[in-house]
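S.K.: Here it is, the structure, as structure tokens.
The values are calculated or read from the model by the stated rules, or taken from the named source; none is laboratory data. In this text the structure is predicted, and so the values were computed from the model without any measurement. A quick note on method: Cβ atoms are made from the backbone with ideal geometry, for glycine too, and the neighbour counts reach across all protein chains shown. Just the protein is used for accessible areas: all its heavy atoms, side chains included, with ligands, DNA and RNA removed. Shrake-Rupley method; radii C 1.70, N 1.55, O 1.52, S 1.80 Å.
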Amino acid sequence: SDSTYWVSTTIPVPPNASSARQYGCDGAAGGVGYSFAYSGAVYKTIDYGKTWTNVAVLYLGFNQFRGGASYGTNHVWAGGSDGMFCYSNDAGVSWDTLAFPSKTTIKSINVFDENNFYVIK
């Protein structure tokens, strides 16, 4: 059956998050991956999605990350409602808010390298 090819996993929702909904994900080489969620939460896996760690809750309330991308194992971008756009160059340990010229929802981020990417709103 098709279900033998899928593995279900649970992402730990932080206590201050208002929802467990996930909206985007991105994987990198070596089993590193990120999931982007409601409340501006970012989750990281280092074992191909078997286990997840919450690395950030950047916005509370009804804001949400709708998309994100990673490059290598250290560079992560997350974007979402109201033009939220954040970047980490240390695998999610610390985050900077990036200026985005619009308050519309960022739906997708695609990365060429750590200095070149494009955003779809």
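S.K.: Taking the conditions exactly as written (open to solvent by 40 Å² or more (accessible area, probe 1.4 Å) and of a type in the set (A, V, I, L, M, F, W, C)), does V57 satisfy them or not?
M.R.: Answer is yes for this residue.
S.K.: For a quick check of your reading of the model, give me the residue pairs whose first member lies in the stretch 98-116 and is closer than 13 Å to G72 by Cα, whose second is in a loop (DSSP other than H, G, I, E, B) and open to solvent by less than 100 Å² (accessible area, probe 1.4 Å), with beta-carbon atoms closer than 9 Å and at least 6 apart or on different chains.
M.R.: D113/G72; E114/G72; E114/N74; E114/N89
S.K.: Follow-up. When you scan the stretch 24-61, how many residues do you find that are in a loop (DSSP other than H, G, I, E, B), under 13 Å from I11 (Cβ atoms) and of a type in the set (G, A, S)?
M.R.: Looking only at that region, the number is 2.
S.K.: Which condition number does A28 fail, the rest of (1) surrounded by fewer than 17 Cβ atoms within 10 Å (Cβ to Cβ); (2) among the small types (G, A, S); (3) at negative phi being met?
M.R.: That leaves (1) as the condition not met.
S.K.: Right, next: When you look at G40, is it surrounded by fewer than 19 Cβ atoms within 10 Å (Cβ to Cβ), of a type in the set (G, A, S) and either over 16 Å from V111 (Cβ atoms) or at pLDDT 90 or above (or both), yes or no?
M.R.: no
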